[in-house]
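The structure appears below as structure tokens.
The values are calculated or read from the model by the stated rules, or taken from the named source; none is laboratory data. Since the model is a prediction, treat every value here as computed from it, not as a measurement. Glycine gets a Cβ as well: all are built from the backbone with ideal geometry, and neighbour counts include every protein chain shown.
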Amino acid sequence: MIESPPPIEVRNLTMAYGDFVIQRDLNFVINQGDIFVIMGGSGCGKSTLLKQMLGLITPAEGDIIYSGQSFVHADSNEQENMRKRWGITYQSGGLFSAMTLAENISLPLQLYTRFTPKERTEIIAYKLALVGLAGYEDYYPSEVSGGMQKRAALARAIAMDPDILFFDEPSAGLDPISSRLLDELIVQLKESIGATVVMVTHELPSIFAIATNSVYLDASTRTMIAYGDPRDLRDHTDQPVVRQFLTRSSAATTEETA
Amino acid sequence: MSNTAPVFQLDNSQSGTLVLTLSGNWEQGAGAPDFNELHTNLNALSPTVLTVKFDNIEHWDSILMAFLLQCSNHCQDNDIDLDTSSLPEGAQRLLSVATAVRPHQQPESSSYHWLSSLDPIRMLSATLGSVRESLAFIGEVAIALTKLAVGKANTRYVDFRAFCYQSGPDAFAIISLISILVGMILGYLGAVQLEQFGAGIYVADLVVIGTLREMGALMTAVVMAGRTGAAYAAQLGTMQTNEEIDAIVTLGVSPIEFLVVPRMLALVVMMPLLTIYADVLGILGGALVAGGLGITPLQYFNQASAAVEINHIVVGLIKSVAFAVLIAVAGCRSGINSGRSSAAVGQAATEAVVTAIIYLIIADAAINILCQQLDY
């Protein structure tokens, strides 16, 4: 039996703005069911990497392959089809502020599915219930709290039952309890819908709590210097920077759990 | 191929326990059954325990989960025990996540009949409210201006200069175009009528008086309301959205002094200058039309200079200052009171232009009546 190709593979990726190279020679694989974290210090290109994976910026060199199909070389129609299998939440939520939460979630369903209006209403109620926002259909994003906006954005991201979920700083600006709840929600959703999760974050508690695989981008050498389970990297990496990054706050984690 | 249409079956052979069997493929576009069908059955049978089973379901997606969630909510509301232990693990887990938090009850107050928006008392109080708001805003601006006069206001000269540039030189192109065309329109309008009396030369008087007293100031103001008033509303509305205005307040600076006063002063300084510029171009536009009708430029300008009187110019300038204040008030007020979303900023910009134009027309009429009464 032929093993199915991994959901995401990054090959020889070089990211640059003009002549200014941000990261070069990135090679890594994200396996089915991973919670994959892109780590690194500020300004190392984490968010840029995510934007390149989402196709918002075209890479200077290299390729990004989704389930064996190149995204960079696909034509715009194929790219559209690949995008339909993704769910994305942005750093500040990215909810449409002129629409209610229900309308926000309804939009991808209206655009890409043939559900009847009644079915859509039921699905919206279900998706909102999944993120703990049942009954908030008619609220506008500005009328709910920041944590609720993040969860509503997650509800919109999972509206289409995606295969891959992307998160840009999911817990930025949330209190420890809410971000813990969000982490748990991500894990539960991932396990029940069988999606692969890719997230950019530097919240160490959530990295150690949920991540199963990771890549560390280094700002000074401009390439990736570590790849693997973050708990493993913390204990066994030979890269002092990575250990510094992971252990500095690992002390904070033990304090918090104690 | 087996029957794959999504269906449910109820079995109430055991007393008190109802067995709900779901079969077929519960997927998008498969025509899943409506929960209401089950709802009526559940009400009729009123079981104490509802057991859900999957029978031969190969594919299922959110539509099945939405159905199950409705079941679960119904059971919770009617004290029915829901037994989901025979469901696949994924579905069980999703259902438990979805039912972990009780649905939020929306407060009832927000719903009222649309006819009630025609209620005269409500309308009157809404109008009074907005008038009061405008007066309060004008009051705050007046206080800020007094402070500025005493030299205690937190208004920065740099801001004022930047806004002067934005509302003055940047607007030259559109003002030039509009005022030449308005001058030509006035010229044509008058020329056709005056020619019939053999008084074609008086087209110069018509253009000069019309432009100086009325059209120069009014057209400039309309352009500035659309251009600068809307820009002010959008700028301040976005600042409100980004919490920049909150930051200004917590720095101990009045947003009126810091944001509104420089914008208003810039308009008040630039509008008369733009009006004079528009007047000159409008009269030139009239000359073009007059030339086309056989009046030589020399004749036209001779007649025109006789028609120019100082009080025409003064009336135009007074109007332009009044208009500047009104545009700035309308724009800045809508911006500062804007809500915190992209839709609200758009609404603020629209409101700024609409109110500014209403203010302009009313003020223009008022000033004209006043001048008529004073015989100025």
task: Can you tell me which residue within the range A:137-168, out of those that are in contact with a helix residue (DSSP H, G or I) (Cβ under 7 Å, 6 or more places away or on another chain) and small (Gly, Ala, Ser), is farthest from A:Gly87 (Cα to Cα)?
output: A:Gly147
query: From the list A:Phe71, A:Phe28, A:Phe20, which one is among the aromatic types (Phe, Trp, Tyr) and in contact (Cβ under 8 Å) with a residue 40 or more places away in the chain?
result: A:Phe28
- prompt: For the range A:27-47, which residues satisfy the criterion of being polar (S, T, N, Q) and either in contact with a His (Cβ under 7 Å, 6 or more places away or on another chain) or part of a strand (DSSP E or B) (or both)?
  reply: A:Asn27
message: Please verify whether A:Leu185 is more than 25 Å from B:Gln105 (Cβ to Cβ) and aliphatic (A, V, I, L, M), treating the condition exactly as stated.
response: no
message: Scan the range B:90-108 and tell me whether some residue there is among the acidic types (Asp, Glu) and modelled with pLDDT of 80 or more.
response: no
- line: Per the filter on the range B:1-48, residues within 13 Å of chain A (Cβ to nearest Cβ) and not hydrophobic (A, V, I, L, M, F, W, C) are B:Pro6, B:Glu27, B:Gln28, B:Gly29, B:Gly31, B:Pro33, B:Asp34, B:Asn36, B:Glu37, B:His39
- line: If we keep only residues of the range A:192-202 that are in contact (Cβ under 8 Å) with a residue 12 or more places away in the chain and at the interface with chain B (Cβ under 10 Å from one of its Cβ atoms), then the residue surrounded by the fewest Cβ atoms within 10 Å (Cβ to Cβ) is A:Gly194
message: Checking the condition more than 26 Å from B:Ile256 (Cβ to Cβ), in contact (Cβ under 8 Å) with a residue 24 or more places away in the chain and either touching a helix residue (DSSP H, G or I) at 6+ places or on another chain (Cβ under 8 Å) or surrounded by fewer than 23 Cβ atoms within 10 Å (Cβ to Cβ) (or both), which residue from B:Val345, B:Val308, B:Val329 passes?
response: B:Val308
Strands (runs of 3 or more DSSP E) (entirely within the range B:1-84) containing at least 1 residues that are of a type in the set (Ser, Thr, Tyr) and within 21 Å of A:Ile123 (Cα to Cα): B:17-23
field: Neighbours by Cβ (under 9 Å, 6+ apart or cross-chain): first from the range B:82-106, closer than 23 Å to A:Leu101 by Cβ and more than 8 Å from every other protein chain (Cβ to nearest Cβ); second part of a loop (DSSP other than H, G, I, E, B) and not aliphatic (A, V, I, L, M)
entry: B:Leu95/B:Thr84; B:Ser96/B:Thr84
task: Go through the range B:58-71 and give me each residue that's surrounded by 18 or more Cβ atoms within 10 Å (Cβ to Cβ) and more than 9 Å from every other protein chain (Cβ to nearest Cβ).
output: B:Trp60, B:Leu64, B:Cys71
task: Sort through B:Leu189, B:Leu181, B:Leu148, B:Leu194 and tell me the only one that's more than 30 Å from B:Arg333 (Cα to Cα) and in contact (Cβ under 8 Å) with a residue 60 or more places away in the chain.
output: B:Leu181
- request: Give the range A:150-162 a look and list any residue that's within 14 Å of another protein chain (Cβ to nearest Cβ) and among the small types (Gly, Ala, Ser), or say none.
  value: A:Ala152, A:Ala155, A:Ala157, A:Ala159
field: Extreme residue, farthest from the other protein chains (Cβ to nearest Cβ), among residues of the range A:163-173 that are surrounded by 21 or more Cβ atoms within 10 Å (Cβ to Cβ) and in a loop (DSSP other than H, G, I, E, B)
entry: A:Ser171
- prompt: What is the number of the single condition among (1) among the charged types (D, E, K, R); (2) surrounded by fewer than 20 Cβ atoms within 10 Å (Cβ to Cβ); (3) within 30 Å of B:Thr238 (Cβ to Cβ) that A:Asp19 does not meet?
  reply: (3)
task: Report whether or not B:Ile256 is closer than 23 Å to B:Ser334 by Cα and in contact (Cβ under 8 Å) with a residue 40 or more places away in the chain.
output: yes
task: Please specify each residue of the range B:54-70 satisfying the condition of being under 43 Å from the mean Cα position of the chain (by Cα) and of a type outside the set (Val, Ile, Thr).
output: B:Asp61, B:Ser62, B:Leu64, B:Met65, B:Ala66, B:Phe67, B:Leu68, B:Leu69, B:Gln70
task: Considering each residue of the range B:313-360, count those that are farther than 26 Å from B:Ala278 by Cα and of a type in the set (S, T, N, Q), and give that number.
output: 6
field: Residue satisfying all of: in the range A:101-121; within 11 Å of chain B (Cβ to nearest Cβ) and of a type in the set (S, T, N, Q); nearest to the chain's Cα centre (by Cα) among these
entry: A:Thr113
- request: Give A:Gly87, A:Gly147 a once-over and let me know the one that is within 14 Å of another protein chain (Cβ to nearest Cβ), in a helix (DSSP H, G or I) and under 19 Å from the mean Cα position of the chain (by Cα).
  value: A:Gly147
Failed item, numbered, when A:Ser179 is tested on (1) free of Cβ contacts under 8 Å to residues at least 60 places away in the same chain; (2) in contact with a strand residue (DSSP E or B) (Cβ under 7 Å, 6 or more places away or on another chain); (3) not aliphatic (A, V, I, L, M): (2)
Residue ID - farthest from the other protein chains (Cβ to nearest Cβ), chosen from residues in the range A:122-142 that are of a type in the set (D, E, K, R) and within 9 Å of A:Leu101 (Cβ to Cβ): A:Glu137
- prompt: So, in the range A:90-100, of the ones that are of a type in the set (A, V, I, L, M) and more than 8 Å from chain B (Cβ to nearest Cβ), which residue ends up surrounded by the fewest Cβ atoms within 10 Å (Cβ to Cβ)?
  reply: A:Met99
query: Is it the case that some residue within the range B:197-211 is without any contact (Cβ under 8 Å) to a residue 40 or more places away in the chain and closer than 24 Å to B:Arg263 by Cα?
result: no
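One line per residue, one yes/no per condition, for (1) buried (at least 17 other Cβ atoms within 10 Å of the Cβ); (2) in a strand (DSSP E or B):
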| residue | (1), (2) |
| --- | --- |
| A:Pro5 | no, no |
| A:Glu9 | yes, yes |
| A:Asn12 | no, yes |
| A:Arg24 | yes, yes |
| A:Leu49 | yes, no |
| A:Ile57 | no, no |
| A:Asn77 | no, no |
| A:Ser106 | yes, no |
| A:Gln110 | no, no |
Residue within the range B:130-143 that is part of a helix (DSSP H, G or I) and either in contact with a strand residue (DSSP E or B) (Cβ under 8 Å, 6 or more places away or on another chain) or within 14 Å of chain A (Cβ to nearest Cβ) (or both) present: no
field: Unmet requirement for A:Ala102, which otherwise passes all of (1) farther than 22 Å from B:Arg93 by Cα; (2) at pLDDT below 90
entry: (2)
